[in-house]
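Data first, discussion second: the structure below is written as structure tokens.
The values are calculated or read from the model by the stated rules, or taken from the named source; none is laboratory data. Computed from a predicted structure; not experimentally measured. Positions of Cβ are backbone-derived with ideal geometry, glycine not excepted, and every protein chain shown enters the neighbour counts. These area figures cover heavy atoms from the full protein model, side chains too; ligands, DNA and RNA do not enter into them. Shrake-Rupley method; radii C 1.70, N 1.55, O 1.52, S 1.80 Å.
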Amino acid sequence: SSDGYGNNTEGQSPNAGVPPYVTSSSAGASHGSIGTVGHNSPSIIDSSGIEFYVRPTYGNQNQPSEKGSKSGNAYGANGKNGGGYIKITTTDTLTLDGEIRSKGLNGMNSPAQSYFGSGGGSGGSIWIITNIFNGSGSLIATGGNGGGTQISRKGGGGGGGRICVEYTSGNINDI
């Protein structure tokens, strides 16, 4: 598992890294898919003058090698890391009957007002290259849930990561 080992800034929420004492919840981080907006998430304006609340996706879907990104802070609740990067290469057979995970961490509740929460970190990357791929296990690169206790004021969820499996033969119907 590489859950929570991602600290990429490319898909980071707009208010990640700013002091966590803003009176709002924050957006989830992006990676393979876009994170969602949290309650009253702050926006930023990019160099071309476009305002946005969540960052766009990044990384290569055919060669996923990027870590997930950190979510934004929210009213005393620090943002959470995304998933890390896992690459497995073998010239033989890979049998997966367990799980390989690179999940973003869940946002946390604000210690000052628990109905606000930080966003979830984005999922990381899993890249497998093998000759034969079998098994009934799982590959997971999901984003974390937003923190906060009140639905209308929660932080946004983190976007999913990227998974790529390159194989010559095998039975992956169960994975």
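Checking each residue in the range 81-117 for being open to solvent by less than 60 Å² (accessible area, probe 1.4 Å), under 21 Å from GLY161 (Cβ atoms) and assigned to a loop (DSSP other than H, G, I, E, B) picks out ASN81, GLY83, GLY84, GLY98, SER102, GLY104, GLY107.
For the range 51-69, the criterion of a residue being open to solvent by 10 Å² or more (accessible area, probe 1.4 Å), of a type in the set (Val, Ile, Thr) and at pLDDT 85 or above is satisfied by at least one position. Which residue, of ASN134, ASN78, is touching a residue at least 40 places away in the same chain (Cβ under 8 Å) and out of contact with any strand residue (DSSP E or B) (no Cβ under 9 Å at 6 or more places or on another chain)? Selected residue: ASN78, the only one of ASN134, ASN78 that is touching a residue at least 40 places away in the same chain (Cβ under 8 Å) and out of contact with any strand residue (DSSP E or B) (no Cβ under 9 Å at 6 or more places or on another chain). Of the residues contained in the range 128-138, one or more are found to be part of a loop (DSSP other than H, G, I, E, B) and open to solvent by 30 Å² or more (accessible area, probe 1.4 Å). Scanning the range 143-166 for residues that are without any contact (Cβ under 8 Å) to a residue 40 or more places away in the chain and open to solvent by 50 Å² or more (accessible area, probe 1.4 Å), we see that the one that is nearest to the chain's Cα centre (by Cα) is ASN145.
Report yes if THR90 is in contact with a Phe, Trp or Tyr (Cβ under 9 Å, 6 or more places away or on another chain), among the β-branched types (Val, Ile, Thr) and more than 12 Å from ASP3 (Cβ to Cβ), otherwise no. No; evaluated as a whole, the condition is false for this residue. Of the set (1) open to solvent by 60 Å² or more (accessible area, probe 1.4 Å); (2) of a type in the set (Ser, Thr, Tyr); (3) in contact with a Gly (Cβ under 7 Å, 6 or more places away or on another chain), all apply to SER41 but (1).
Within the range 139-164, the set of residues being modelled with pLDDT of 95 or more and either in contact with a strand residue (DSSP E or B) (Cβ under 6 Å, 6 or more places away or on another chain) or hydrophobic (A, V, I, L, M, F, W, C) (or both) comprises LEU139, ILE140, ALA141, GLY161, ARG162, ILE163, CYS164. You will find that of SER65, SER26, SER41, the residue that is under 16 Å from LYS154 (Cα atoms), in contact with a Phe, Trp or Tyr (Cβ under 7 Å, 6 or more places away or on another chain), of a type outside the set (Val, Ile, Thr) and in a loop (DSSP other than H, G, I, E, B) is SER41 and no other. Answer yes or no as to whether ASN73 is among the polar types (S, T, N, Q) and modelled with pLDDT of 95 or more. No: the conditions fail for ASN73. TYR85: under 19 Å from ILE34 (Cα atoms), of a type outside the set (Lys, Arg) and in contact with a Ser or Thr (Cβ under 7 Å, 6 or more places away or on another chain), yes or no? In short, yes. Has the range 142-163 got any residue that is in contact with a Leu (Cβ under 9 Å, 6 or more places away or on another chain) and more than 14 Å from ASN8 (Cα to Cα)? Looking for residues that are in contact with a Leu (Cβ under 9 Å, 6 or more places away or on another chain) and more than 14 Å from ASN8 (Cα to Cα), one finds at least one in the range 142-163, hence yes.
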